[in-house]
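Working notes for the structure below.
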Amino acid sequence: MIEVEIPGRRTYQFTHAFFDFNGTLAVDGIIPEQVKRLLAKLADSLELVLLTADTNHSARNQCGDLPIAVNVLEQSGQKQQKAMILQQTAGQGKIAIGNGSLDEDMFLEADLAICIMGEEGCSLSAMLASDILVRTPEDAIELLLHPNRLISTWRT
(Lines give C-alpha, C1' and ligand atoms only; values in the text may rest on other atoms or scores of the structure.)
Protein backbone atom coordinates (compact mmCIF):
# COMPACT_ATOMS: atom_id res chain seq x y z
CA MET A 1 0.00 0.00 0.00
CA ILE A 2 1.06 3.56 -0.67
CA GLU A 3 -0.37 6.20 1.63
CA VAL A 4 -0.19 9.90 0.87
CA GLU A 5 -2.10 12.90 2.19
CA ILE A 6 -2.99 15.34 -0.58
CA PRO A 7 -3.81 18.81 0.83
CA GLY A 8 -7.27 19.93 -0.24
CA ARG A 9 -8.26 16.38 -1.14
CA ARG A 10 -7.81 13.57 1.40
CA THR A 11 -5.45 10.86 2.55
CA TYR A 12 -5.21 8.13 -0.07
CA GLN A 13 -4.31 4.52 0.57
CA PHE A 14 -3.47 3.14 -2.84
CA THR A 15 -3.54 -0.65 -3.20
CA HIS A 16 -3.77 -1.33 -6.96
CA ALA A 17 -2.22 0.11 -10.11
CA PHE A 18 -3.89 -0.71 -13.43
CA PHE A 19 -1.79 -0.21 -16.54
CA ASP A 20 -2.50 -0.06 -20.23
CA PHE A 21 0.23 -1.76 -22.29
CA ASN A 22 0.98 -0.32 -25.75
CA GLY A 23 1.79 3.37 -25.68
CA THR A 24 1.85 3.29 -21.88
CA LEU A 25 4.38 0.72 -20.68
CA ALA A 26 5.50 -0.53 -24.08
CA VAL A 27 6.54 0.96 -27.40
CA ASP A 28 5.74 -1.27 -30.38
CA GLY A 29 4.98 -4.09 -27.94
CA ILE A 30 8.32 -3.92 -26.08
CA ILE A 31 8.73 -2.78 -22.46
CA PRO A 32 12.05 -0.95 -21.91
CA GLU A 33 14.31 -2.57 -19.30
CA GLN A 34 14.19 0.51 -17.03
CA VAL A 35 10.39 0.32 -16.94
CA LYS A 36 10.61 -3.37 -16.01
CA ARG A 37 12.98 -2.57 -13.14
CA LEU A 38 10.69 0.17 -11.85
CA LEU A 39 7.61 -2.07 -12.07
CA ALA A 40 9.39 -4.72 -10.01
CA LYS A 41 10.06 -2.09 -7.31
CA LEU A 42 6.49 -0.79 -7.43
CA ALA A 43 5.13 -4.32 -6.93
CA ASP A 44 6.54 -4.20 -3.40
CA SER A 45 3.84 -1.61 -2.56
CA LEU A 46 0.94 -2.18 -4.97
CA GLU A 47 -0.85 -4.99 -6.74
CA LEU A 48 -0.08 -4.44 -10.43
CA VAL A 49 -2.61 -5.28 -13.14
CA LEU A 50 -2.22 -4.99 -16.91
CA LEU A 51 -5.34 -4.33 -18.99
CA THR A 52 -4.58 -4.58 -22.68
CA ALA A 53 -5.99 -5.08 -26.15
CA ASP A 54 -2.50 -6.48 -26.89
CA THR A 55 -2.26 -4.94 -30.36
CA ASN A 56 1.24 -6.35 -30.90
CA HIS A 57 0.49 -9.75 -29.30
CA SER A 58 3.48 -9.42 -26.98
CA ALA A 59 2.03 -8.54 -23.55
CA ARG A 60 2.24 -12.01 -21.97
CA ASN A 61 5.76 -12.53 -23.27
CA GLN A 62 6.96 -9.07 -22.18
CA CYS A 63 5.39 -9.40 -18.71
CA GLY A 64 6.30 -13.04 -18.14
CA ASP A 65 8.96 -12.31 -15.51
CA LEU A 66 7.20 -9.29 -13.97
CA PRO A 67 4.97 -9.28 -10.86
CA ILE A 68 1.94 -8.06 -12.82
CA ALA A 69 -1.35 -9.81 -13.60
CA VAL A 70 -1.95 -9.76 -17.36
CA ASN A 71 -5.52 -9.36 -18.65
CA VAL A 72 -5.91 -9.50 -22.43
CA LEU A 73 -9.31 -8.01 -23.20
CA GLU A 74 -11.91 -9.27 -25.64
CA GLN A 75 -11.92 -7.47 -28.97
CA SER A 76 -15.24 -5.67 -28.54
CA GLY A 77 -16.05 -3.29 -25.70
CA GLN A 78 -12.48 -2.89 -24.46
CA LYS A 79 -13.08 0.59 -23.07
CA GLN A 80 -15.97 -0.71 -20.97
CA GLN A 81 -14.05 -3.84 -19.93
CA LYS A 82 -11.26 -1.74 -18.47
CA ALA A 83 -13.71 0.36 -16.45
CA MET A 84 -15.61 -2.72 -15.28
CA ILE A 85 -12.46 -4.38 -13.96
CA LEU A 86 -11.77 -1.31 -11.82
CA GLN A 87 -15.40 -1.24 -10.66
CA GLN A 88 -15.17 -4.89 -9.61
CA THR A 89 -11.95 -4.38 -7.64
CA ALA A 90 -12.91 -3.95 -4.01
CA GLY A 91 -12.19 -0.80 -2.07
CA GLN A 92 -10.70 2.54 -2.85
CA GLY A 93 -7.10 3.17 -3.71
CA LYS A 94 -7.08 2.41 -7.41
CA ILE A 95 -4.58 4.04 -9.76
CA ALA A 96 -5.06 3.90 -13.54
CA ILE A 97 -2.21 4.61 -15.94
CA GLY A 98 -2.72 4.83 -19.69
CA ASN A 99 -2.58 6.99 -22.79
CA GLY A 100 -5.40 6.18 -25.18
CA SER A 101 -9.08 6.72 -25.76
CA LEU A 102 -9.72 3.20 -24.47
CA ASP A 103 -8.41 4.36 -21.08
CA GLU A 104 -10.85 7.23 -20.57
CA ASP A 105 -13.53 5.25 -18.67
CA MET A 106 -10.86 3.45 -16.64
CA PHE A 107 -9.52 6.86 -15.63
CA LEU A 108 -12.97 7.95 -14.47
CA GLU A 109 -13.24 4.87 -12.22
CA ALA A 110 -9.82 5.38 -10.63
CA ASP A 111 -8.94 7.35 -7.52
CA LEU A 112 -5.88 8.63 -9.37
CA ALA A 113 -5.54 8.66 -13.16
CA ILE A 114 -2.14 9.25 -14.76
CA CYS A 115 -1.93 9.88 -18.50
CA ILE A 116 1.37 9.21 -20.27
CA MET A 117 2.34 11.20 -23.34
CA GLY A 118 5.06 8.78 -24.42
CA GLU A 119 6.33 8.18 -27.92
CA GLU A 120 2.82 7.47 -29.20
CA GLY A 121 1.34 10.57 -27.62
CA CYS A 122 -1.97 10.46 -25.81
CA SER A 123 -5.56 10.95 -26.81
CA LEU A 124 -7.25 14.19 -25.85
CA SER A 125 -10.07 12.27 -24.14
CA ALA A 126 -7.59 10.34 -21.97
CA MET A 127 -5.70 13.50 -21.11
CA LEU A 128 -8.87 15.36 -20.09
CA ALA A 129 -10.09 12.43 -17.96
CA SER A 130 -6.77 12.14 -16.11
CA ASP A 131 -5.59 13.81 -12.93
CA ILE A 132 -1.93 14.05 -13.90
CA LEU A 133 -0.13 14.11 -17.25
CA VAL A 134 3.48 12.86 -17.44
CA ARG A 135 5.98 12.33 -20.25
CA THR A 136 7.03 8.71 -19.78
CA PRO A 137 6.11 5.50 -17.95
CA GLU A 138 9.23 5.99 -15.86
CA ASP A 139 7.89 9.37 -14.72
CA ALA A 140 4.53 7.81 -13.76
CA ILE A 141 6.08 4.97 -11.79
CA GLU A 142 8.55 7.31 -10.07
CA LEU A 143 5.59 9.44 -8.89
CA LEU A 144 4.26 6.36 -7.13
CA LEU A 145 7.63 5.24 -5.77
CA HIS A 146 8.09 8.75 -4.33
CA PRO A 147 4.49 9.65 -3.40
CA ASN A 148 5.36 13.03 -1.90
CA ARG A 149 5.85 14.14 -5.52
CA LEU A 150 2.09 13.72 -5.93
CA ILE A 151 1.49 16.46 -3.36
CA SER A 152 3.03 19.22 -5.44
CA THR A 153 1.14 18.25 -8.56
CA TRP A 154 -2.23 17.16 -7.23
CA ARG A 155 -2.98 19.38 -4.24
CA THR A 156 -5.89 21.81 -4.52
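The values are calculated or read from the model by the stated rules, or taken from the named source; none is laboratory data. These figures come from a predicted structure and were not determined experimentally. Note: ideal-geometry Cβ built from the backbone for every residue, glycine included; neighbour counts use all protein chains shown.
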Subject >> Which numbered condition LEU51 fails, given (1) part of a helix (DSSP H, G or I); (2) closer than 23 Å to LEU38 by Cα >> reply: (1)
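In segment 98-111, which residues are closer than 18 Å to THR15 by Cβ and either of a type in the set (Gly, Ala, Ser) or buried (at least 24 other Cβ atoms within 10 Å of the Cβ) (or both)?
Of the residues in segment 98-111, the ones closer than 18 Å to THR15 by Cβ are 106-107, 109-111.
Hits for segment 98-111 are MET106, PHE107, ALA110.
With the structure loaded, tell me whether THR89 is on the phi < 0 side of the Ramachandran plot, under 13 Å from the mean Cα position of the chain (by Cα) and among the polar types (S, T, N, Q) or whether it fails that test. Even if it seems obvious, please write down each step before you answer.
On the way: on the phi < 0 side of the Ramachandran plot: yes; under 13 Å from the mean Cα position of the chain (by Cα): no; among the polar types (S, T, N, Q): yes.
For THR89, the condition - on the phi < 0 side of the Ramachandran plot, under 13 Å from the mean Cα position of the chain (by Cα) and among the polar types (S, T, N, Q) - is not met.
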Original post:
Quick one: in segment 1-17, which of the residues that are assigned to a loop (DSSP other than H, G, I, E, B) and either out of contact with any strand residue (DSSP E or B) (no Cβ under 8 Å at 6 or more places or on another chain) or of a type in the set (Asp, Glu) (or both) is surrounded by the fewest Cβ atoms within 10 Å (Cβ to Cβ)?
Top reply: GLY8
**OP:** Run down ASP44, ASP20 and say which single residue is crowded, with 19+ Cβ neighbours inside 10 Å and either in contact with a Lys or Arg (Cβ under 9 Å, 6 or more places away or on another chain) or modelled with pLDDT of 95 or more (or both).
**Re:** ASP20
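Name every residue in segment 27-48 that is touching a strand residue (DSSP E or B) at 6+ places or on another chain (Cβ under 6 Å) and assigned to a helix (DSSP H, G or I), in order of residue number.
Passing the criteria: none in range.
From the list GLN78, GLN34, GLN13, which residue is in contact with a helix residue (DSSP H, G or I) (Cβ under 8 Å, 6 or more places away or on another chain), more than 23 Å from THR136 (Cβ to Cβ) and polar (S, T, N, Q)? Full working, then the answer.
Values: GLN34 fails: more than 23 Å from THR136 (Cβ to Cβ); GLN13 fails: in contact with a helix residue (DSSP H, G or I) (Cβ under 8 Å, 6 or more places away or on another chain).
Of the residues listed, the single one that is in contact with a helix residue (DSSP H, G or I) (Cβ under 8 Å, 6 or more places away or on another chain), more than 23 Å from THR136 (Cβ to Cβ) and polar (S, T, N, Q) is GLN78.
Among the residues of segment 126-139, are any touching a residue at least 60 places away in the same chain (Cβ under 8 Å) and either over 22 Å from GLY8 (Cβ atoms) or of a type in the set (Gly, Ala, Ser) (or both)?
First, pick out the residues of segment 126-139 that are touching a residue at least 60 places away in the same chain (Cβ under 8 Å): 137-138.
Add one more test, that the residue is either over 22 Å from GLY8 (Cβ atoms) or of a type in the set (Gly, Ala, Ser) (or both), and what stays is 137-138.
Yes, the conditions are met somewhere in segment 126-139.
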**OP:** Look through ILE95, ILE141, ILE132 and report the one residue that is touching a Ser or Thr at 6+ places or on another chain (Cβ under 8 Å), modelled with pLDDT of 95 or more and under 22 Å from ASP44 (Cβ atoms).
**Re:** ILE132
**OP:** Would you tally the residues in segment 33-61 being in contact (Cβ under 8 Å) with a residue 40 or more places away in the chain and not hydrophobic (A, V, I, L, M, F, W, C)?
**Re:** 3
Subject >> GLU119 vs. criteria outside any helix (DSSP H, G or I) and of a type outside the set (Ser, Thr, Tyr) >> reply: yes
Subject >> Conditions (1) within 19 Å of GLY100 (Cβ to Cβ); (2) under 15 Å from the mean Cα position of the chain (by Cα): number failed by GLU74 >> reply: (2)
